[in-house]
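All remarks here apply to the structure that follows.
The values are calculated or read from the model by the stated rules, or taken from the named source; none is laboratory data. Since the structure is predicted, the reported quantities are computational estimates derived from the model, not experimental observations. Here the Cβ is made from the backbone with ideal geometry for all residues, glycine too, and neighbour counts use every protein chain on show. Accessible surface is based on the protein model in full, side chains and every heavy atom, while ligands, DNA and RNA are left aside. Shrake-Rupley method; radii C 1.70, N 1.55, O 1.52, S 1.80 Å.
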Amino acid sequence: ATERTLSIIKPDAVAKNVIGEIESRFEKGGLAIVAAKMLHLSREQAEGFYAEHKERPFFNDLVGFMTSGPVVVQVLEGENAIAANRELMGATNPKEAAPGTIRADFAETIDANAVHGSDSPESAAREIAYFFEENEICPRG
Ligand code: CMP
């Protein structure tokens with residue numbers, strides 16, 4: 001089925017100037033960018049977005065990293081978009097990411113891992129609504 005997923009190009013990838021190369025992976029992988037904006041997240045925005053990780057030991061570093069520079073938040077649409085995006089990204093830890101995936105090619109560490117992608121239909125719905133109004137999303141049809 002056609003799905004939408006929330007994708008973030010993280011501060012490390014923006015700083016490396018590889019936004020276009022990453023977008024190209026999504027497009028070549030059959031996903032369409034149907035909404036996008038560049039933001040420098042506030043602490044509140046980052047904490048709210050990652051609320052489910054609040055009790056994890058890496059939460060403070062995660063929020064610090066995600067607020068360290070601009071990010072691109074976007075909605076990707078396509079067939080099985082949630083799983084398709086996760087396949088294109090590769091494993092959370094770049095050292096475990098399969099060759100040819102975004103994290104294998106552009107990321108160095110589990111914290112600075114280039115991209116985020118929703119992990120389920122429920123988190124996709126929540127994460128898309130966190131950053132976008134419905135009228136900011138332009139379905140490809
Ligand atoms: P992301 O998909 O954005 O979701 C939470 C982020 O926390 C994850 O990518 C990693 O960048 C970061 N992180 C740091 N340490 C860990 C860990 N041990 N397990 C999972 N995520 C981690």
Return the pair list, or none, for Cβ contacts closer than 9 Å from residues in the range 29-55 that are of a type in the set (D, E, K, R) to residues that are within 16 Å of the ligand (Cβ to nearest atom) and part of a helix (DSSP H, G or I), at least 6 apart or on different chains.
Lys37/Phe131; Arg43/Val63; Arg43/Gly64; Glu47/Phe59; Glu47/Val63; Glu52/Ser123; Lys54/Glu47
Give the residue, chosen from Asp61, Asp12, that is in a helix (DSSP H, G or I), open to solvent by 80 Å² or more (accessible area, probe 1.4 Å) and within 16 Å of the ligand (Cβ to nearest atom).
Asp61
Consider only pairs whose beta carbons are under 9 Å apart and that are at least six residues apart or on different chains; among these, list those whose first residue lies in the range 79-91 and is over 13 Å from Phe106 (Cβ atoms) and modelled with pLDDT of 95 or more and whose second residue is assigned to a helix (DSSP H, G or I) and not β-branched (Val, Ile, Thr).
Ala81/Ala124; Ile82/Pro121; Ile82/Ser123; Ile82/Ala124; Ala84/Phe26; Asn85/Phe26; Ala91/Arg103; Ala91/Ala104
Quick one: in the range 17-73, of everything that is of a type in the set (Ser, Thr, Tyr) and over 15 Å from the mean Cα position of the chain (by Cα), which residue is farthest from Glu87 (Cα to Cα)?
Ser42
I'm checking my understanding of the structure. Among residues of the range 35-45 that are more than 16 Å from the ligand (Cβ to nearest atom) and open to solvent by 70 Å² or more (accessible area, probe 1.4 Å), which one is nearest to Glu134 (Cα to Cα)?
Met38
Only one of Gly48, Gly69, Gly20, Gly78 is of a type in the set (Gly, Ala, Ser), part of a loop (DSSP other than H, G, I, E, B) and away from the ligand (no atom under 12 Å from the Cβ). Can you tell me which?
Gly69
Whichever residue in the range 111-141 is part of a loop (DSSP other than H, G, I, E, B) and in contact with an Asp or Glu (Cβ under 9 Å, 6 or more places away or on another chain) and, among such residues, is most open to solvent (accessible area, probe 1.4 Å)
Arg140
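Criterion first (within 17 Å of Met66 (Cβ to Cβ), modelled with pLDDT of 95 or more, in contact with a Phe, Trp or Tyr (Cβ under 9 Å, 6 or more places away or on another chain) and not hydroxyl-bearing (Ser, Thr, Tyr)) does Asp111 satisfy it?
The answer is yes for Asp111.
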